[in-house]
1. So what is the relative contact order for region 14-152, in percent, with contacts set as C-alpha pairs under 8 Å and at least six apart?
2. Mind putting together the pair-distance distribution for region 14-152? All Cα pairs, 10 Å bins, whole percent per bin, short to long.
3. Rounded to whole Å and ordered largest first, report the semi-axes of the equivalent ellipsoid of region 44-101 derived from its Cα gyration tensor (root of 5λ).
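Every number here is computed from the coordinates shown, using simple stated rules; none is lab data. These figures come from a predicted structure and were not determined experimentally.
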């Protein structure tokens, strides 16, 4: 039997992105920066750890963000949106819990260019399937169309 205890407690809010999902997104977006990483779970050559405090850093290029899922998640999503409006940013792609009932979803995710709801439950590295649904939220500076929402399969 697997172990979901960490996902249901406050032991950690950091969940390593499944490599196959990251690889699919990276093939599309060609990421330059991972602002919410550890030395062990970084997905890009350039990354910020908790000691670097990605909330206080300037972001650049194409950004992949899988933020800590704790109390600061709203600040990370706000930062992702604000950074995405800068000329130095091509895109900010966020892996997030699909919590459509939250203020941060309505305040920021609804400003995204695209939301991809993931079918089924992700398996974060070394864990059973997550006890919550996930989504990919894509922010870009150019907003010349309405929000696109679709299902993004992991198959």
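1. Values: 259 pairs, mean separation 30.8, N = 139.
Across region 14-152, relative contact order equals 22 percent.
2. 12, 47, 36, 4
3. On the way: eigenvalues 65, 40, 22 Å².
The three semi-axes for region 44-101 are 18, 14, 10 Å.
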